[in-house]
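Input: a single structure, listed below in structure tokens.
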Amino acid sequence: MAKQGKIKNGNNKAKHTKLLNQKKNKIKAAKLQNKQRLKAIMDKKNRMEGSCPCGSGITYAVCCNIFHTDIMNVKTAEQLMRSRYTAYVFTDIDYLMKSHHSSTRPVHEKKEILEWARAVKWERLVVDQVLKGEANDADGIVAFTAYFKENGLQKSMHETSKFIKENNHWVYLGEA
């Protein structure tokens, strides 16, 4: 009988240890999750208070954030182009898709676009030329150069982009 008691106590101790380890792991996971939430809150606060990546010279909170929150706030083709650049900087793939014309939207390349946007360090945007694209226009062209680092190498991308209105708001159609 003594042996059975030892086995029983050994089984209880193993169960107790297992339960304690599960509880410790739950607490550890909760702490990590809270730390990640706090970091996300601080990142968002810093993003909102910092200069907008689009180069407007004003804070993100009163610049591209307004467009990212509601695309109907975009009044010009240049605003849309700048807000798309900022969406690349912040890897806001949903906005990039939403601001792309439905006929040319690269839904099948969504994952690759997101991975590339995360892989580069966006540095600055220069708007080279704007043709039409005002609030009352139906189309517009914006030429720009985006500067970034990829794999430690300084690079730039120059594009002349065509924008049109779809569903009463500006969208990116493609290269002009």
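The values are calculated or read from the model by the stated rules, or taken from the named source; none is laboratory data. No experiment lies behind these values; they were computed from the predicted model shown. Every residue, glycine as well, gets a Cβ built from its backbone with ideal geometry; the counts of neighbours run over all protein chains shown.
Observations on the structure shown:
- Filtered residues of the stretch 47-92 (kept if within 18 Å of Glu123 (Cα to Cα) and of a type in the set (Lys, Arg)): Arg47, Arg82, Arg84
- Members of the stretch 128-176 found to be more than 19 Å from Gly55 (Cα to Cα) and of a type in the set (S, T, N, Q), listed by number: Asn136, Asn151, Asn167, Asn168
- Hits in the stretch 8-58 (condition: under 17 Å from the mean Cα position of the chain (by Cα), modelled with pLDDT of 80 or more and closer than 30 Å to Asp128 by Cβ): Gly50, Ser51, Cys52, Pro53, Cys54
- Selected residue (criterion: surrounded by the most Cβ atoms within 10 Å (Cβ to Cβ)) from residues of the stretch 139-176 that are polar (S, T, N, Q) and under 14 Å from Asp128 (Cβ atoms): Ser161
- The residues in the stretch 79-136 that are touching a residue at least 60 places away in the same chain (Cβ under 8 Å) and of a type in the set (A, V, I, L, M) can be counted, and the count is 6.
- The residue that is surrounded by the most Cβ atoms within 10 Å (Cβ to Cβ), among those in the stretch 61-117 that are within 13 Å of Val171 (Cβ to Cβ) and hydroxyl-bearing (Ser, Thr, Tyr), is Ser83.
- Scanning the stretch 118-136 for residues that are more than 18 Å from Glu175 (Cβ to Cβ), acidic (Asp, Glu) and touching a Phe, Trp or Tyr at 6+ places or on another chain (Cβ under 8 Å) yields a single hit, Glu123.
- Of all the residues in the stretch 116-165, those that are among the polar types (S, T, N, Q) and on the phi > 0 side of the Ramachandran plot number 1.
- When the stretch 49-60 is filtered for residues that are surrounded by 13 or more Cβ atoms within 10 Å (Cβ to Cβ) and not in a loop (DSSP other than H, G, I, E, B), the ones remaining, listed by number, are Thr59, Tyr60.
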